[in-house]
Each structure stands twice: as C-alpha cells, then as structure tokens.
Amino acid sequence: MSNFREAQSKAHPNKSNTLLSALICVLIFNIGMQIWLLYTALNNALGKHTRIAWPAFIGSLILFLIGFFWLYFIPMGKDKNQQPGKNKYR
Amino acid sequence: MADETNPAPHWQTDFPIERTEATAVSRRDFARYLCLVSGGLAAGSGFVALKAQLAPPAEVVGEHLVCKVNDVPTGGTHAFVIAGSTIPYILIRLESGEWRAYEQKCTHLSCAVYYKPGTGQIECPCHNGFFDARTGEPIAGPPPRPLPSLEVVVKGEDIYVKAFRHE
Ligand code: FES
C-alpha cells in the first residue's frame, strides 16, 4: 500500500492543525449566522410579523446540516492510521 | 483478538486519573460541541416558527369600555385590563388631546412602562428605554419593538378600546 499520506503527514505535521482551525472557524461563522437568524425571527414573530419565521428556520436548518456534514472532514490525526483491531478503544 | 491487551479501555478515557486529562477538551470535541450548539439553534428557530404558526397571540375582540373622559386629566394616564385577559394596558391622554392605549409591558424584558407627563415619551425604568407616546415606537434604549397598541374610540363621555384593524 502506498505510504504517501503517512509520509506527507510526517513531512508537514501542521497540515491537520490548520485544517482543524479552518473547520472550527467555519462552524463558528455558521453559528453566528444562526444566532442572527434566531434573533431576527423571534423579534419579528413577537412583533406580529410571523412570515419571516419559516424562512429563518429553514436557513438555520441548512446551516446546521452544513455544519454536521462538515464534521466529516475533521482530521482524525494519528488514531486513524492505526491498524484495524489494534487499540480500537483509543 | 481476545488475547490482545487493550491499553486504554473506555472507563480510562472517560474518567481519567489526571485532572487535566478530564477537563481538557480537544479541538475535535470542541468542533462537535459547536455542531451541537448549531443543532440547538436550528431547533430553537423551528420552535419559534411553529409557535408563530400554531399559537399566535390572541387578538382583542370587540370594544371594551375603559373609563369616562373626565377620569383622565390631560397628560394623565389610566391603567386598565381587559376582561378575560391579564395583559396590563395604559390609557394615555396626551397633552395634544389625543388618546392612546398601549400594552404596559416593555418590549425589551416586560417591565412596566409609564408615561412621563409633558415629554410625550413613555419611559421604561428598568434599562432606560424610551418610546414615543404618539406612535409607540422605541426611540432610545434597548427595546427592539414598538409597544403593542389598541385603538381608542371616544363615544361621548365614554372611552372604548378595540384592536387595530390589520391589513
Ligand atoms: S425592560 Fe424596558 S428597557 Fe429593559
């Protein structure tokens, strides 16, 4: 099997570090937008402008799903490279 | 596989001996927590939308007698509630002679607001919010929305309130 990925990770150990930071930044940005959406929807719903509530919810849900599937890209570091069956509880 | 030694069983990672290990949150976990918060916010938005759709706040139906014209001096106010509801309202007789009726609950955090005679402003003492007494619009401070208002109808000596017609 190719050891390209392993060798790359060894040669550039900062890579997954940077990736994880970027990922977290995007998540925080999404949450910022969701807070804004929730605030706007609540404020308008209480002021009897209820029509914005559903679009705000759909937007918020989409942002959540983006964040959820975003987690797939979390670099798992060394743990992932372990041979199957070994230290699987780590 | 059975004879393999497992250096870190579940309980050891969940309840580590070292305190620092127990409190440390890895950035991976932090990212997952962020996602959890995101889900919570989405659920909150859904709740707001559902509530707005299924349980809109009840409207005032019909006209209600509040008091006589002579009960309220110019620049004075009169507090009242509508029968069958607990929402406090204030009736204001502005210096210009106009009548206004507003919900007495600040739109910020529901403190009781009061009319400041002579200023044309309604003040909320809790966080110094101010509303325009003619329109109910917030003019200063934290309140984000205008005060909900009722239409005042003067019939001879009697003062009635009713809900504004919505478009
Ligand atoms: S409750 Fe009225 S300003 Fe905060």
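What order do B:TRP99, A:TRP36 take when sorted by accessible area (1.4 Å probe), most exposed first? Walk me through the intermediate numbers first.
Working: B:TRP99 35, A:TRP36 160 Å².
Per-residue accessible area, sorted high to low, gives A:TRP36, B:TRP99.
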Can you give me the angle between helix B:27-54 and the longest principal axis of chain B, using Cα atoms only, in degrees from 0 to 90, rounded to the nearest 10?
30 degrees
Round to the nearest 0.05 the FRET efficiency obtained for B:PHE47 and B:THR74 when R0 = 45 Å and r is the Cβ-Cβ distance.
0.50
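Sorted by accessible area (1.4 Å probe), largest first, how do B:TYR114, A:TYR39, B:TYR102 line up?
Values: B:TYR114 100, A:TYR39 135, B:TYR102 5 Å².
Sorted by accessible area, descending: A:TYR39, B:TYR114, B:TYR102.
Enter the accessible area per residue of chain B (Å², integer; probe 1.4 Å; all protein chains in place).
Numbers: 10180 Å² over 167 residues.
Accessible area per residue: 61 Å².
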Ordering B:ARG165, B:ARG32 by accessible area with a probe of 1.4 Å, largest first, what comes out?
B:ARG165, B:ARG32
Tell me which residues come under 5 Å, amide H to amide H, from B:ILE87 once H is placed; ignore anything under 5 positions away on its chain.
B:ILE82
List the residues whose amide H sits under 5 Å from the amide H of B:GLY75, counting only those 5 or more places along or on another chain, with H placed 1.01 Å from N in the peptide plane.
B:ARG93, B:LEU94, B:GLU95
Could you tell me the accessible area of B:ARG145 in Å² (1.4 Å probe, neighbours in place), rounded to the nearest ten?
40 Å²
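Report the FRET efficiency, 1/(1 + (r/R0)^6), for A:PHE73 and B:HIS127, where r is their Cβ-Cβ distance and R0 is 45 Å, rounded to 0.05. Mind dumping the intermediate values first?
Details: r = 43 Å, r/R0 = 0.96.
The computed FRET efficiency comes out at 0.55.
If you take the accessible area of B alone, add that of A alone, and subtract the area of the pair, what total do you get in Å², probe 1.4 Å, to the nearest 100?
Working: alone 11750 and 8150 Å², together 16870 Å².
Looking at B and A, the buried total is near 3000 Å².
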Which value, in Å² rounded to 10, gives the accessible area of B:SER26 with a 1.4 Å probe and all protein chains present?
50 Å²
Once both labels are modelled 7 Å past Cα along the beta-carbon direction, what's the B:SER85-A:ALA22 spacing in nm?
5.5 nm
Kindly write out, for segment B:121-137 in residue order, the coupling ³J(HN,Hα) from the Karplus curve 6.51 cos²θ - 1.76 cosθ + 1.60 (θ = phi - 60°), rounded to whole Hz, with x marking Gly and Pro.
10, 9, 10, 10, x, 5, 10, 6, x, 10, 10, 6, 5, 7, 10, x, 5
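The values are calculated or read from the model by the stated rules, or taken from the named source; none is laboratory data. As the structure is a computational prediction, the values presented were derived from the model and not from experiment. Glycine also receives a Cβ, built like all others from the backbone with ideal geometry; neighbour counts cover every protein chain displayed. The accessibility values were calculated without ligands, DNA or RNA, using every heavy atom of the protein model including side chains. Shrake-Rupley method; radii C 1.70, N 1.55, O 1.52, S 1.80 Å.
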